[in-house]
1. Only one of these conditions is not met by Pro364: (1) in a loop (DSSP other than H, G, I, E, B); (2) over 27 Å from Ala147 (Cα atoms). Which number is it?
2. Which ones in the stretch 222-242 are open to solvent by 30 Å² or more (accessible area, probe 1.4 Å) and either within 12 Å of the ligand (Cβ to nearest atom) or assigned to a strand (DSSP E or B) (or both)?
3. When Leu117 is evaluated against the numbered criteria (1) out of contact with any Cys (no Cβ under 7 Å at 6 or more places or on another chain); (2) not in a helix (DSSP H, G or I), which criterion, by number, is the only one it fails?
4. Just wondering, is there one or more residues in the stretch 405-418 that are surrounded by fewer than 20 Cβ atoms within 10 Å (Cβ to Cβ) and within 30 Å of Pro51 (Cβ to Cβ)?
5. Tally up the residues in the stretch 109-134 that are away from the ligand (no atom under 16 Å from the Cβ), open to solvent by 30 Å² or more (accessible area, probe 1.4 Å), more than 13 Å from Ala155 (Cβ to Cβ) and out of contact with any His (no Cβ under 7 Å at 6 or more places or on another chain), please.
6. Restricting to the stretch 310-331, name every residue that is of a type in the set (Gly, Ala, Ser), out of contact with any His (no Cβ under 7 Å at 6 or more places or on another chain) and closer than 25 Å to His237 by Cα.
7. Quick one: in the stretch 135-154, which of the residues that are open to solvent by 70 Å² or more (accessible area, probe 1.4 Å) and either in a helix (DSSP H, G or I) or among the aliphatic types (A, V, I, L, M) (or both) is farthest from the ligand (Cβ to nearest atom)?
8. Just to be sure I understand, how many residues within the stretch 59-72 are away from the ligand (no atom under 16 Å from the Cβ) and open to solvent by less than 50 Å² (accessible area, probe 1.4 Å)?
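The values are calculated or read from the model by the stated rules, or taken from the named source; none is laboratory data. No experiment lies behind these values; they were computed from the predicted model shown. So basically every Cβ, Gly included, is an ideal-geometry build from the backbone, and we count neighbours across all protein chains shown. Areas reflect the complete protein model, heavy atoms only, side chains present, ligands, DNA and RNA absent. Shrake-Rupley method; radii C 1.70, N 1.55, O 1.52, S 1.80 Å.
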Amino acid sequence: MNEMLTQVLEAVEAWERRFRPFTRHPSTRVDAAALANALKRYTDRLEGNYPFFHPDYAGQMLKPPHPVAQMAYAAAQRINPNNHALDGGPPTSEMEVEVVGRIAAAVGLPEDGLGHLTSSGTLANLEALFIAREEHPDKGVLASEMAHYTHSRMAHVLRMPFETVPADTNGRMDVQALRERLAKGGIGTVVVTTGTTGMGAVDPLHEILPVCREFGVRVHVDAAYGGFFAILAQAHHPDLPLPSRNAFLALGEADSVALDPHKHGLQPYGCGMVYFANSKVGKHYLHDSPYTYYSSKHLHLGEISLECSRAGAAAGALWLTMEVLSPEADRGLGPILAACLRAARKWNEALATSERLVELTPQPDLDIVLYAPAATSFEELDALSGWLFDASMLHPDPIFLALYKMKRDWIALRLNHLEGQLETPRILRSVLMKPEHEHEVSSIVARLNQLLLSKQEL
Ligand SMILES: *Cc1c(COP(=O)(O)O)cnc(C)c1O
């Protein structure tokens, strides 16, 4: 990695040397001793991070980008192209169009749609809801109660009424409840989450779509977390559970999709993507160009995006990553994603043999698991979850988990013997988004179980 990093940076330097030499302004010079001192303080402070790279970090949705992405990002960042406008960075703008098309095809989206990269999933969802509002002014947005909080927040920003529909035991949108709500009218757009942030639940898109069509309602799919798993669905990959597979196979029928390459696409932060099935929605972005412009293959990215400046390096990094680790089921991204899915199943297998921990997602749709220490009341469940979260992190060989506040009623569907009144007890959550987890989770769960046993003995 370091060798190649030097190599790509040297390639950029060689390109720079092709231009007339000039003297750098003295004002940009820094004092070497001051820099060394600040750098030391900087790297010391960075040590305050949790080890996101390590399989023993089994907490939130975090991991470093793939070395290939780091390298590509570093090279382009030195040039610092801006993908807002074509002349802000012609090569990375071209790469953006290419890689968006490639990912769209790999996840089953229509090839004549309109898409671009964004700084984040939040921005991708905001753009999709903005278009939804322009298409259905005065109508509301409906999402599952498990949807990301960004939707209610962005609906607020856009001044669109927002409502939720209940989720079922698996955390998926309840289709019957959806139908009943749509029948009452007033809804213009349904947000379907294929991979909820909390528990990785995949809403049954294939069942939701026909209901929405019946009521003439738009469908936006928030695939920020789960989108890349559609690559496995396209190949009917056996490691992707059937309900998830069926949902992802319907992705191509959605009106818009948000997808985060900075989650399962191995990218550094600053890389989201939005894609519209109908390129004509480009007319809603404010611009000076004639409408016909949007049927052109030569998109001016800045004019079909709500954001202005955007890192060309993000597009470059994604492009190079997809060249080397292609979005395919049997090589590149596929085997990484499949290993994460197997890790979630192995986590549950390990829980089944653990005396002190109970599973709360017996059949995870993706690679996120919920679980909790065995308890007799919601209060004890909450306290033990908090204890294990701290104790595992403070151990000499630390394990990093995440806490998740879950509605008592939902937990009661799984654990019906619990007593107590606590409304939203804390449970534990692990996002197993590193392929190394596949071979590490049994030992992690065994160590967690051991910790709980040792507490009991105290
Ligand atoms: C992460 C996530 C978002 C928000 O995306 P950011 O890239 O963090 O802004 C939205 N929806 C879902 C389902 C997510 O997982």
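1. Result: Pro364 passes all but (2).
2. none
3. Only one criterion in (1) out of contact with any Cys (no Cβ under 7 Å at 6 or more places or on another chain); (2) not in a helix (DSSP H, G or I) is unmet by Leu117, namely (1).
4. The answer is yes; a qualifying residue exists.
5. Adding up the residues that qualify gives 3.
6. Ser326
7. Glu135
8. 3
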